[in-house]
Amino acid sequence: MKVANQSEHTVKSYDEELKHLNTLISRMGGVVETQLDGAIQAVLRRDPELAEQVVKGDAKVDATEQEIGELVIRLLALRQPMAVDLRHIVSALKIAADLERFGDHAKSIAKRAIAISQVPRIPAPGLDRMARMVQAMIKDVLDAHLAGDTEKAIKVWRRDAEVDQLYNSLFRELLTYMMEDPRNITGCTHLLFIAKNVERMGDHATNIAETVHYQVKGTKLPDERPRGDDPSFAIADGNG
């Protein structure tokens with residue numbers, strides 16, 4: 001009886017650790033959602049103080065990723081998981097890495113928001129729409145992760161093409177502003193880098209969708225990732 005009780009305790013403890021891993025992923029996802037919203041609002045409202053808060057908030061994202069990494073190492077070392085559990089634990093590590101990069105892009109946007117608040121305002125209505133779409137993607141894909149819902153993950157995966165199309169449209173619009181008036185070049189350049197960061201966030205949400213599919217099914221998504229048309233010119237990520 002004592003051996004049975006110890007076995008039940010071990011299983012219960014293991015289940016609690018897996019639940020805690022999910023909780024940490026959810027917490028980290030909530031933080032990066034807030035970081036994206038804050039960064040975009042700082043751009044639209046030309047609010048350098050809000051931007052500074054977002055920059056400082058990146059430390060919380062990094063700390064949570066580290067906590068997830070430490071828990072994953074402990075689970076791998078002590079529990080020696082196999083099959084579904086192993087995919088669950090390894091997937092959590094991959095998702096945390098994508099969320100950390102998501103947070104880095106929010107931080108980069110916030111830094112640009114500080115700079116852009118010092119130059120004349122440039123209209124960029126597509127930026128807010130693009131950011132809201134990416135924010136919805138990250139929320140939906142994390143819900144898919146918690147529920148083990150591959151259909152929902154695939155829907156997020158397919159929506160990345162819409163983000164690319166919005167980015168390409170905004171790219172061309174900002175390029176037109178720069179051609180019309182050289183005084184717009186500085187502000188438009190910042191907005192281009194900001195838009196590229198948002199587009200890369202969409203890519204990380206899509207990465208997570210692929211990870212969720214692998215976690216649940218044990219296979220990669222069979223199709224090539226959907227993409228919008230490439231713009232006429234390329235631009236670097238601008239993470240600084």
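The values are calculated or read from the model by the stated rules, or taken from the named source; none is laboratory data. Nothing here was measured: the structure is a model prediction, and the numbers come from that model. Here the Cβ is made from the backbone with ideal geometry for all residues, glycine too, and neighbour counts use every protein chain on show.
Couple of notes before you dig in:
- Of all residues in segment 149-160, those being surrounded by fewer than 16 Cβ atoms within 10 Å (Cβ to Cβ) and touching a residue at least 60 places away in the same chain (Cβ under 8 Å) number 1.
- From the list Leu93, Leu78, Leu99, Leu127, the one residue that fits, being loosely packed, with under 15 Cβ neighbours inside 10 Å and in a helix (DSSP H, G or I), is Leu78.
- Residue match in segment 181-197 (condition: surrounded by 14 or more Cβ atoms within 10 Å (Cβ to Cβ), within 17 Å of Ser91 (Cβ to Cβ) and out of contact with any strand residue (DSSP E or B) (no Cβ under 7 Å at 6 or more places or on another chain)): no
Rundown of residues vs (1) among the acidic types (Asp, Glu); (2) touching a Ser or Thr at 6+ places or on another chain (Cβ under 9 Å); (3) modelled with pLDDT of 95 or more; (4) loosely packed, with under 13 Cβ neighbours inside 10 Å, yes/no style:
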| site | (1), (2), (3), (4) |
| --- | --- |
| Glu199 | yes, no, yes, no |
| Gly202 | no, no, yes, no |
| Glu210 | yes, no, yes, no |
| Gln215 | no, yes, no, no |
| Gly218 | no, no, no, yes |
| Glu224 | yes, no, no, yes |
| Asp229 | yes, no, no, yes |
| Asp237 | yes, yes, no, no |
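- Considering residues of segment 36-52 that are aliphatic (A, V, I, L, M) and over 15 Å from the mean Cα position of the chain (by Cα) only, the residue farthest from Gly202 (Cα to Cα): Leu50
- Breaking point among (1) β-branched (Val, Ile, Thr); (2) within 17 Å of the chain's Cα centre (by Cα); (3) crowded, with 22+ Cβ neighbours inside 10 Å, for Val55: (3)
- Of all residues in segment 10-61, those satisfying the criterion of being at negative phi and not in a helix (DSSP H, G or I) are Arg45, Asp47.
- Being within 24 Å of Glu100 (Cβ to Cβ) and over 16 Å from the mean Cα position of the chain (by Cα) holds for only one residue in Lys152, Lys139, and it is Lys152.
- Among (1) within 17 Å of the chain's Cα centre (by Cα); (2) of a type in the set (Phe, Trp, Tyr); (3) at pLDDT below 95, the one test that Phe193 misses: (3)
- Taking the numbered list (1) in a helix (DSSP H, G or I); (2) touching a residue at least 60 places away in the same chain (Cβ under 8 Å) in turn, Glu70 passes all entries but (2).
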